[in-house]
Amino acid sequence: MGGETTVNQSFRLANAGRLGRAKTVRFSFDGQDYAGVEGDTLASALIANGVHLVGRSFKYHRPRGILSAGAEEPSALVGIHRDAARKTPNIRATVQELYDGLTAVSQNRWPSLSLDAGAVNDLASPFFAAGFYYKTFMWPKAAWKSLYEPKIREAAGLGVAPDLPDPDHYASRYAHCDLLVVGGGVAGLAAALAAAETGARVILCDEQTELGGALRYERGATVDGQPGWDWAQATAAKLAARDNVRMLTRTTAFGYYAQNFLGLVERVTDHLAEPSPDQPRERLWQVRAKRVVLATGAIERHMVFGDNDRPGIMLASAARTYLNHYGVAVGRQIGVFTANDSAYWTAIDLKKAGVNVAAIVDTRDNPAGPAVEEARALGIELNLGRTVLKTGGRLRVSSMTVQAKKGGPERVIPVDALLMSAGWTPSVHLFSQSRGKVAFNQTTNRFVPGDYAQACVSVGGCNGTDGIGPTVAEAFAAGEKAAKEAGTTVRRLSRPKAETSESWSRGMAGAAPGAGPDSKAKAFVDFQNDVTAKDIRLAVEQGMRSIEHVKRYTTNGMATDQGKTSNLHGLAIAAETLGKTMPEVGLTTFRPPYTPVTFGAIVNHSRGALFEPTRKTPMHEWAVKRGAVFEDVGQWKRAWYFPEAGENMHAAVNRECVTVRKAAGIFDATTLGKIEVVGPDAAAFMELLYTNPWQKLDPGRCRYGVMLREDGFIYDDGVVGRLAEDRFHVTTTTGGAPRVLQHMEDYLQTEFPHLKVWLTSTSEQWAVIAVQGPKSRDIIQPFVEGIDISDEALPHMSVREGKFCGVPTRLFRMSFSGERGFEINVPSDYGPAVIEAIWNEGRKHGACMYGTETMHVLRAEKGYIIVGQDTDGTVTPDDAGLSWAVGKKKTDFVGIRGMNRPDLTAGGRKQLVGLKTKDPNIVLEEGAQIVADPRQAIPMTMIGHVTSSYWSENCGRSIALALVKDGRGKIGETLYVPMPDRTIEVEVAGTVFYDETGARLNG
Amino acid sequence: MLLIRCPYCEQELPEIEFRNAGEAHIARPTHIADETDDDFEKYFFIRTNPKGIIYERWRHVHGCARFFNAVRDTVTDRFLLTYKAGEPKPKRLPGVGK
Ligand SMILES: [Zn+2]
């Protein structure tokens, strides 16, 4: 920050607040330097400097100020910039603690906050009424993407997301406790105290920096003879010193989930000038509590009247907080507009602090009680039975216009701040999230917790309990009870005695007198989404009956503040327009999060390399040394191809493909899933899980198995070797291993529990090295002990156990390339040594290493399918040309009935075929659609799609597999693949492109 | 995150150790190949999907790996009971009717 501090804190009062002689802190807002003091929030420091204009509204770009002094803030959203990567948008100035060097910027304004071009939206506001987006931008559909949406997003919006990766880290903790107390006001402290004394494990969390809640501003309260705030600090210190209590300040309980599982987010460094790089920015707490006490208090509502959104207009309790805690006057000539008593206490405190209170306007005709008496005694002008019609001013409120409720002459009173209170809304957000049902209290005209769904209890303001005395009594008893229910022994404890000279009566909900249906006033209900009373009436008039529909149509309560100040007003106006009572209309559902939570806290450590596990085969490092390029296959890193000097991928794959068929290739096949099926009923089990017959397969032989789901579609495939009468070595696709085992276990445990079979995943036990090609037998011969690997003794699709390089092996004679081939299974740890030995021998025979790309090309040349690529969960064995693998005499296997459903046996299904492009040099795109007639009208009838497509150096042309409607009957026909730039002619062919007779398999 | 009691491990453990496996007490027909289209449809596709009490299968996949049955209230996600696979549908449920 450069330059002099140009604005002093002229609204900081010498003899008010608790910050006293705290150190001066410098900060900037929109490039202007200011001073505040330690302990300030950004909002209190701005107000101390006379700054109320902090933002522009979402839709109309109206100048907006600071409404509250807490988490409910809808208006004062700013960006906080620490450095190029740390630019956090939409921070509530009322909760951002000030630190030295803090840089804040306003949002949603251009070119500047005081002169905003977007404010033209305000003049055009009739066009932006409820449902405007739905009605205006319906047609044409295409214009949404190109025109409307970008313009709307530009004109209406909040902060700008940072454009660099988040350099901070975030921590995560799990915690268990007997009692979680949410909220550290007088109620939460009393409950925590009662439970802590019994020895119960207690967690107390509060979103604020210090505990005390409403005691922050409520001056008249005493607890056990101490001023309320002092008692709160002493109690907090006492609790913090106990081993069985965890105190979490700056911590918001944002979500209440099933079985008393709550999500808390602790802000660790956002208040620090220079956070240590070792500290997490935030810490996510996932708490499982035996009991929960909700002590979340109540939130004051604003008054709904004309132009109630000008900077300088705020909640009465907020002004009282700024005065009594921060020592800041929100103005010098202050008006009050209220429908309940609590605003009087603010006026009284201000007057006593020497701030001029212009007038109190009260909609009630004959309010009585100590607050009214004291205000009158202090000589504050009271306007009873009156209302504020509208306000004056542009970037700051300058006047209020007062009129009797029933009309008559208007009187303009100059003010530089206007405080409002329509009453208090119990914070039932977390209670509602816990799936408890709220109940409407007819006497107090508010929604309070009704039926509980979980082991929790609400106390104090959030339970609709008025007054500090009853609150403390209720909270203390709840703490004792919760501790007892959680299993601790309760000693007789002395309850704190609390009293206050203040009393609050109920207020009003809905539009103030003068802002009714006949009024043209812009009376805001939801400041953050710019929803007025008129918008809500319009929604009802246009047919919205359910409050959930009114909410979505007007967007009332749908902004990031979740309608903390607006929901009840919106409901009251909708109810009035519908001619119903509020409980008849009902409250909207509260959903997590209570306040916005960063993605950082949720994602936490699961970023980059820690996003999910990386699986590597035992030969991974060996392949790295050989220069392999890797690809991700699910969680696996697989060698993709092995380029030699100067080769690109295309050249490397062509060379590998040719070399395998000419000499041999070596391939790491370890990632294949492997399941051992063992037991006297192993063959019977295999009969039930695969389409193929297994009973007559001789030990030492292999079979290609096809697994279906019960619906008859292909689920997995793989080569299965029978090692003994009672032992099968099953292989699965790389990605299919876990779900195939789950599928097998499911049937074994629940449908066929009579079968004596044991299933074991052996995927990680075996390293698998495939050696494929005419020279494969010569290459492995020197290493094989105890197995005759001649073609006669070990024909294609055989398996033997013996030794390889001196270590135990399961040696398969099998092929996924169409060449004579072997797959050598050795215990995982021996993989690198064995592949090194094979490689050294292979080089002598002109063999190469090859990767997954060559594996894919070679298998496609042979028409071997890959489940999940050439099938998609809607392909039957017949569709894939695998009818031969279905045991015709079998009476049962999983999928036998599903496979014969009418739609699966009817004509017109898509069948797997080969495609040859008329121009052999064109390689089709996988996923491309196929049509019969390229000249037909758009949208064309698509009859299939390309599933696999490669350049085949061995065939000297491109090859492709495709699923085509009635494809096998179309062999030889010409079809078309329309692409954006051209239409490609293809000929339908069989699926085998190379060595159609399969002679090479046998060597 | 839910807490689920595995009837085999006899422990209440976090949901991440488990995997839901759909509605319980739907037996695969003994002679499935002979089922009519209608019967197969009822067996394979039709589920009760209740708002309220559901009987469902879970697997302690990252524990003992056993499949078991549970009774859960789909409104509150509260587990009323868990029991071993193959045991009959419980006639009485704890805490229902309050
Ligand atoms: Zn278990």
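The values are calculated or read from the model by the stated rules, or taken from the named source; none is laboratory data. Note that the structure is predicted; figures quoted are calculated from it, not measured. Virtual Cβ from ideal backbone geometry, glycine too; neighbours counted across all protein chains shown. Quick note on the areas: whole protein, heavy atoms, side chains included, nothing else; ligands and nucleic acids left out. Shrake-Rupley method; radii C 1.70, N 1.55, O 1.52, S 1.80 Å.
Which Cα, out of A:L350, A:I334, A:Y217, lies furthest along the positive dipole direction of region A:208-351 (beta carbon charges, K/R +1, D/E -1)?
A:Y217
If eta is 1.567 mPa s and T is 4 °C, what Stokes-Einstein diffusion coefficient results for region A:830-974, Kirkwood Rh from Cα pairs, in µm²/s?
Details: Rh = 17.9 Å.
Rounded to a whole number, D works out at 72 µm²/s.
Where the centroid of each part is defined by its Cα atoms, how far is region A:511-544 from region A:310-324 in Å?
24
Can you give the accessible area buried between chains A and B, summed over both chains, with a 1.4 Å probe, in Å² to the nearest 100?
Numbers: alone 41460 and 7050 Å², together 46170 Å².
Counting both chains, the buried surface is close to 2300 Å².
Looking only at GluC sites (Glu not before Pro) in DSSP loops with at most 16 other Cβ atoms within 10 Å, what is the longest site-free stretch of chain A?
Working: sites that count: A:E4, A:E38, A:E381, A:E410, A:E644, A:E647, A:E725, A:E764, A:E792, A:E925, A:E926, A:E973, A:E996.
For GluC sites (Glu not before Pro) (loop position, at most 16 other Cβ atoms within 10 Å), the longest site-free span of chain A is A:39-380.
Which far-off residues, 5 or more places away or on another chain, put their amide H under 5 Å from the one on A:G327, with H placed in the peptide plane?
Amide H neighbours of A:G327, under 5 Å, 5+ apart: A:G17, A:R18.
Only sites in a loop by DSSP and with at most 16 other Cβ atoms within 10 Å count here; which trypsin sites (Lys or Arg not before Pro) in region A:745-818 make the cut? Could you put the intermediate results ahead of the total?
Values: sites: A:K756, A:K775, A:R777, A:R800, A:K803, A:R810, A:R813; in loops: A:K756, A:K775.
Hits after loop and neighbour filter: A:K756.
Could you tell me which of rounded, prolate or oblate describes region A:38-96, using a ≥ b ≥ c as the square roots of the eigenvalues of the alpha-carbon gyration tensor, with rounded for a/c under 1.5 and, failing that, prolate when a/b is larger than b/c and oblate otherwise?
It comes out oblate by the Cα gyration axes.
Taking chain B, how much of its Cα-Cα pair set, in percent, is spaced more than 23 angstrom apart? Mind showing how you got there, number by number?
Numbers: 1488 of 4753 pairs.
Taking all Cα-Cα pairs of chain B, the fraction more than 23 Å apart is 31 percent.
If you take the charge dipole of region A:454-585 about its Cα centre, with +1 on Lys and Arg Cβ and -1 on Asp and Glu Cβ, which of A:M544, A:T532, A:S501 is farthest toward its positive end?
The residue sitting most towards the positive pole is A:S501.
Between region A:781-839 and region B:25-51, what's the alpha-carbon centroid distance in Å?
45
Can you find, among B:I54, B:T30, B:C6, the residue sitting farthest towards the positive end of the charge dipole of region B:3-84, where Lys and Arg contribute +1 and Asp and Glu -1 at Cβ?
Projecting each Cα onto the dipole axis, the largest value belongs to B:C6.
With a cut-off of at most 13 other beta carbons within 10 Å, and DSSP calling the residue loop, which trypsin sites (Lys or Arg not before Pro) in region A:469-555 qualify? Please list them.
Values: sites: A:K481, A:K484, A:R491, A:R492, A:K497, A:R506, A:K520, A:K522, A:K534, A:R537, A:R545, A:K551, A:R552; in loops: A:R491, A:R492, A:K497, A:R506, A:K520, A:K522, A:R545.
Of the trypsin sites (Lys or Arg not before Pro), the ones in loops of region A:469-555 whose Cβ has at most 13 other Cβ atoms within 10 Å are A:R491, A:R492, A:K497, A:K520, A:R545.
Please give me, ordered by residue number, the trypsin sites (Lys or Arg not before Pro) of region A:845-898 that lie in loop per DSSP and have at most 14 other Cβ atoms within 10 Å.
On the way: sites: A:R859, A:K862, A:K888, A:K889, A:K890, A:R897; in loops: A:K862, A:K888, A:K889, A:K890, A:R897.
Answer in residue order: A:K888, A:K889.
Relative to the Cα centre, what is the charge dipole magnitude of the protein assembly as shown, using +1 at the beta carbon of each Lys and Arg, -1 at the beta carbon of each Asp and Glu, and rounding to the nearest 20 debye?
On the way: 130 positive and 127 negative charges, 421 e Å.
Once rounded to the nearest 20, the dipole reads 2020 debye.
On average, how many beta carbons from a partner chain sit within 10 Å of the beta carbon of a residue in A:751-758?
Working: counts 4, 1, 3, 0, 0, 0, 0, 0.
Taking all residues of A:751-758 together, the mean is 1.
Hey, can you rank A:185-194, A:733-742 by average C-beta count inside 10 Å, highest first? Don't jump to the answer; show the numbers that get you there.
Details: A:185-194: 30.5, A:733-742: 19.3.
For the peptides A:185-194, A:733-742, the packing ranking is A:185-194, A:733-742.
Of the candidates B:Y55, B:Y43, B:Y83, which one comes out as most mobile in a Gaussian network treatment of chain B with C-alpha springs shorter than 10 Å?
The residue with the greatest mean-square fluctuation here is B:Y43.
Based on alpha-carbon centroids, what's the gap between region A:555-625 and region A:699-761 in Å, whole number please?
The two parts, judged by their Cα centres, are 41 Å apart.
Within chain B, which cysteines find no other Cys whose Cβ is under 4.7 angstrom from their own?
B:C64 - these cysteines have no disulfide-compatible partner (Cβ-Cβ under 4.7 Å) in chain B.
Using a 1.4 Å probe, what is the accessible area per residue for region B:3-84, in Å²? Intermediate values should be presented prior to the final figure.
On the way: 4470 Å² over 82 residues.
Result: 55 Å² per residue.
Once you sort the root eigenvalues of the Cα gyration tensor of region A:716-769 as a ≥ b ≥ c, which label holds: rounded (a/c under 1.5), prolate (a/b larger than b/c) or oblate (the other case)?
Since a/c reaches 1.5 but b/c is at least a/b, the shape of region A:716-769 is classed as oblate.
What does the accessible area per residue of region A:918-967 come to in Å², with a 1.4 Å probe and no ligands, DNA or RNA counted? Present the calculation step by step, with values, prior to reporting the outcome.
Values: 2330 Å² over 50 residues.
Normalised by residue count, the accessible surface of region A:918-967 is 47 Å².
Just the number, please: carbon plus sulfur as a percent of the accessible area of the protein assembly as shown, 1.4 Å probe, no ligands or DNA/RNA counted. Mind showing how you got there, number by number?
Values: 23870 of 46170 Å².
Carbon and sulfur together cover 52 percent of it.
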